[in-house]
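In what follows, a single structure is set out as structure tokens and then discussed.
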Amino acid sequence: MTFKDLSLNAKILKAVSEQNYTTPTPIQKETIPLVLEGIDVIGCAQTGTGKTAAFALPILNKIFEQQNDQKKAKKIKALIVSPTRELAIQIEENFKIYSTYTNIRTTSVYGGTSMEPQIDVLKKGVDILIATPGRLLDLHKRDILNLDYIEILVLDEADMMLDMGFIDDVKKIERLCPTQKQSLLFSATMPLKIESLANEILTEPQKVSVSVISSAAKTIHQEVYMVPKPKKIELCLHLLRNELRGNMIIFRRTKFGVDKLETTLLKNNYKVATIHGDKTQVARTKALNKFKNNDVNILIATDVAARGIDIPNLDIVVNFDLPNVSESYVHRIGRTGRAGKEGRAISFCAADEKSYLKDIQQLIGKLISVEENHPYPLDPKAKPEVHKKKGSKYKKGRKSEASKKKKKRWY
Ligand code: AMP
């Protein structure tokens, strides 16, 4: 099957062929005809499967075919809700590439940057809007956005929106759109809450699912290093000095961990960039570009900041900390070994992470081989380290109001 067989307009096909896409990916083959027919879709697919084009191409096709009066002010006809700013920017880039030979206008709005330039673009009129939930609701409250003409609503990376606590916002956004519309929901995993969200929002949806998990696993060499927690940094430096070559993402569970590892690696003259939820949008985009342009070969990131970002040509994924949610492991390692290339995923497991390892192995349905040949082995009998609380017992559990207000997200 080629893209031509999918009944897409010649102008869109021209842009697609310039991207050197020869055949549609499985998710595209299944989703594009359904979207063109106006059917609601639940797509179970993660980044790397070509899912953005799976919804972008038919949406552009539909909008292109019904464009008749060019002079009228443009109304937003398609809304794509995305959990993170990076993903929103990436989706916008995709829409813009595929619509090069049309006069369809796309823009994105997201938090962390000034609202004014976004308002200016919106006022000029756009056909397609990609938005993160918070900024979208904010702009709507200020009467900048009119969602009355939405014909297609896409919820991308729905499970991540759930993880980030956006579900109520997403429901609110759906209610702000007209009842009569086509809705598409994409999610890498389908927890119960996403299934019920889909039941609530979609009408007689068709389910489309592609798993890259099994195909990715075939080309990814996975290993685990059992190591005491305080020795992880030394093990990381040892591996960087002796065997890890190429582009890699090092995942840490917390943003504090990301910053700490960054300091150590910089001191050791490695070229690194970092992304986590506390960085400004400008800093995150800059870091990502440095990595994409090969100015640095190491990106240190938390899950939430990194999920959904398309980074081709990743040689290695390092799980400096094992994720406590097993699905995150699959998301993380799926970033290497793409398109049949050899990839490598290595994980550090300390005594207190053994249960996470067990859950991960259960999820992927196989045992990850343990690499024993390294200088910092973990004593198999080692118990998880318990950090005793310091300070006065009278202060226990009494946080000042100021400190409660300062409470920050950990990702
Ligand atoms: P996505 O899953 O949407 O993030 O896409 C992952 C990557 O696959 C992006 O870099 C796309 O440009 C690329 N891609 C999408 N569709 C195709 C296709 N049919 N053939 C080759 N590459 C594609």
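The values are calculated or read from the model by the stated rules, or taken from the named source; none is laboratory data. Treat the numbers as computed from the prediction; the structure is a model and nothing was measured. Cβ sites come from the backbone with ideal geometry, for glycine too, and all protein chains shown count toward neighbours. Surface accessibility is based on the protein's heavy atoms, side chains included, excluding ligands, DNA and RNA. Shrake-Rupley method; radii C 1.70, N 1.55, O 1.52, S 1.80 Å.
So that you can scan it fast, the table gives a plain yes or no per residue for (1) more than 9 Å from the ligand (Cβ to nearest atom); (2) of a type in the set (Val, Ile, Thr); (3) open to solvent by 10 Å² or more (accessible area, probe 1.4 Å):
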site: LEU8; (1), (2), (3): yes, no, yes
site: THR31; (1), (2), (3): yes, yes, no
site: LEU34; (1), (2), (3): yes, no, yes
site: ALA53; (1), (2), (3): no, no, no
site: ILE59; (1), (2), (3): yes, yes, no
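Name the pairs: first residue in segment 94-113 and without any contact (Cβ under 8 Å) to a residue 12 or more places away in the chain, second residue assigned to a strand (DSSP E or B), Cβ to Cβ under 6 Å, at least 6 apart or on different chains? These pairs meet every condition: LYS96/THR106.
Report yes if some residue within segment 126-133 is open to solvent by 30 Å² or more (accessible area, probe 1.4 Å) and either assigned to a helix (DSSP H, G or I) or in contact with a strand residue (DSSP E or B) (Cβ under 7 Å, 6 or more places away or on another chain) (or both); otherwise report no.
Initial filter on segment 126-133 (open to solvent by 30 Å² or more (accessible area, probe 1.4 Å)): none.
No, segment 126-133 contains no residue that is open to solvent by 30 Å² or more (accessible area, probe 1.4 Å) and either assigned to a helix (DSSP H, G or I) or in contact with a strand residue (DSSP E or B) (Cβ under 7 Å, 6 or more places away or on another chain) (or both).
Beta carbons closer than 6 Å, at least 6 apart along the sequence or on distinct chains, never pair a first residue in segment 310-331 that is closer than 18 Å to GLY48 by Cβ and more than 16 Å from the ligand (Cβ to nearest atom) with a second that is among the acidic types (Asp, Glu) and at pLDDT 90 or above. Checking the stated criteria, GLU234 turns out to be touching a residue at least 24 places away in the same chain (Cβ under 8 Å), open to solvent by 70 Å² or more (accessible area, probe 1.4 Å) and on the phi < 0 side of the Ramachandran plot. Return the pairs, sorted by first residue and then second, in which the second residue is open to solvent by 90 Å² or more (accessible area, probe 1.4 Å), the first residue lies in segment 286-298 and is touching a residue at least 24 places away in the same chain (Cβ under 8 Å), the beta carbons are less than 8 Å apart, and the residues are 6+ apart or on different chains. Every condition considered, the pairs that remain are ASP295/LYS271; VAL296/LYS271; ASN297/LYS271; ILE298/LYS271. With respect to (1) open to solvent by 10 Å² or more (accessible area, probe 1.4 Å); (2) more than 16 Å from the ligand (Cβ to nearest atom), the lone exception for ILE300 is condition (1).
Applying the condition of being more than 11 Å from the ligand (Cβ to nearest atom) and in contact with a strand residue (DSSP E or B) (Cβ under 9 Å, 6 or more places away or on another chain) to segment 36-51 and asking which residue is farthest from GLU151 (Cα to Cα) yields CYS44. Quick one: count up the residues across segment 265-282 that are open to solvent by less than 50 Å² (accessible area, probe 1.4 Å), within 20 Å of ASN247 (Cβ to Cβ) and not in a loop (DSSP other than H, G, I, E, B). Within segment 265-282, residues that are open to solvent by less than 50 Å² (accessible area, probe 1.4 Å), within 20 Å of ASN247 (Cβ to Cβ) and not in a loop (DSSP other than H, G, I, E, B) number 5.
For segment 17-65, name all the residues that are of a type in the set (Ser, Thr, Tyr), out of contact with any Gly (no Cβ under 9 Å at 6 or more places or on another chain) and free of Cβ contacts under 8 Å to residues at least 40 places away in the same chain. SER17, THR22, THR23 - these are the residues of segment 17-65 that are of a type in the set (Ser, Thr, Tyr), out of contact with any Gly (no Cβ under 9 Å at 6 or more places or on another chain) and free of Cβ contacts under 8 Å to residues at least 40 places away in the same chain. Flag: LYS96 matches the condition of being under 21 Å from the mean Cα position of the chain (by Cα), open to solvent by 70 Å² or more (accessible area, probe 1.4 Å) and either more than 11 Å from the ligand (Cβ to nearest atom) or of a type in the set (Gly, Ala, Ser) (or both).
Taken together, LEU147, LEU79 contain a single residue that is within 24 Å of GLY38 (Cβ to Cβ), touching a Cys at 6+ places or on another chain (Cβ under 8 Å) and surrounded by fewer than 22 Cβ atoms within 10 Å (Cβ to Cβ), which is LEU147.
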